[in-house]
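K.L.:
Have a look at this one before I ask anything.
The values are calculated or read from the model by the stated rules, or taken from the named source; none is laboratory data. This is a predicted model, so every value here is computed, not measured. All Cβ positions, even for glycine, are placed from backbone atoms using ideal geometry, and neighbour counts span all protein chains on display.
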Amino acid sequence: MKRNLRKITLTAVLTAASIILDVLVKAIIPGNQFGLPIFALPLIIISLFINPFYGLAAGLISDYIGFYLAPRGNYAIIFALSAAMWGFIPGIIANYKSKEYKIIISIFIAHLFATTANTFAMYIEISKNVALSGLLLRSILIPANVALLSILVIILNKRLIPVYDMFLEG
C-alpha cells in the first residue's frame, strides 16, 4: 500500500514536471512544430523507474492538462497518443538499471512511435499536407532529439539511482 502511494505520488510530481516543461517550451518557442519533446523527459523517467503503464497514464494526463494551459487550436485526444508513447515505450524496452545503450534504443523507438502517432493525428485532424510537410523536418531532427533526451535521461538516472533505491526500500 505504502509503495503504491509512493508510485502514485512520484508519478503525479513527474507528470506536473512534464506539463511545466511543455508549457515553458510552448511559451519560449511559439509555434514549435519541429518536435522538441523536452516534455517527454519526466515521462521517460516514470516509464523506466515506475512502470510503462504509469508512464502511459502520465503521458495522457500531461498532454490533456498541458493543452489547456497553453492551447493551440481545438483539443483532439488523438494527439495524446504521442505523449502516451513517450510514457509507455521506454519502460517496455528498458528500466532504470538497464545499460545506457538499451536506454538510448528505448528513447529512439519511443521517438519513432511518437512521431508516427503525431503525424497520424495531424493527418486526421488537420490535413495531409501539414502532416507530411512537418514529417520531413521532425524526421531529420530525430537523431538530435534522441541524443539530447538520452544524455539528459542517463545523467538524471545516474544521479537518481540512490533515490530510486531508497524509494523502493520503504
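K.L.:
Give the residue, chosen from 110, 84, 80, that is small (Gly, Ala, Ser) and at pLDDT below 95.
P.N.:
Matching residue, one of 110, 84, 80: 80.
K.L.:
Given the conditions (1) over 10 Å from the mean Cα position of the chain (by Cα); (2) among the aliphatic types (A, V, I, L, M); (3) buried (at least 17 other Cβ atoms within 10 Å of the Cβ), report the number of the one that residue 8 does not fulfil.
P.N.:
In the conditions (1) over 10 Å from the mean Cα position of the chain (by Cα); (2) among the aliphatic types (A, V, I, L, M); (3) buried (at least 17 other Cβ atoms within 10 Å of the Cβ), residue 8 misses (3) alone.
K.L.:
Cβ contacts < 6 Å: first residue under 25 Å from residue 136 (Cβ atoms), restricted to the stretch 27-47; second residue part of a helix (DSSP H, G or I) and modelled with pLDDT under 80, any location; separation 6+ or different chain. Result?
P.N.:
33/134
K.L.:
Could you check, for the stretch 137-152, whether at least one of its residues is loosely packed, with under 13 Cβ neighbours inside 10 Å and either outside any helix (DSSP H, G or I) or among the basic types (Lys, Arg) (or both)?
P.N.:
No, that holds for no residue.
K.L.:
Would you confirm whether or not the stretch 100-122 contains a residue that is of a type outside the set (Asp, Glu), touching a residue at least 24 places away in the same chain (Cβ under 8 Å) and surrounded by fewer than 14 Cβ atoms within 10 Å (Cβ to Cβ)?
P.N.:
Checking the stretch 100-122: not a single residue is of a type outside the set (Asp, Glu), touching a residue at least 24 places away in the same chain (Cβ under 8 Å) and surrounded by fewer than 14 Cβ atoms within 10 Å (Cβ to Cβ).
K.L.:
Could we say that residue 97 is out of contact with any His (no Cβ under 9 Å at 6 or more places or on another chain), assigned to a helix (DSSP H, G or I) and basic (Lys, Arg) here?
P.N.:
It is false that residue 97 is out of contact with any His (no Cβ under 9 Å at 6 or more places or on another chain), assigned to a helix (DSSP H, G or I) and basic (Lys, Arg).
Residue by residue, here is whether (1) hydrophobic (A, V, I, L, M, F, W, C); (2) part of a helix (DSSP H, G or I); (3) under 18 Å from the mean Cα position of the chain (by Cα) holds:
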residue	(1), (2), (3)
103	yes, yes, yes
120	yes, yes, yes
123	no, yes, no
133	no, yes, no
154	yes, yes, yes
159	no, yes, no
167	yes, yes, no
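K.L.:
Within the stretch 33-72, track down each residue that is part of a loop (DSSP other than H, G, I, E, B) and aliphatic (A, V, I, L, M).
P.N.:
36, 38, 50, 70
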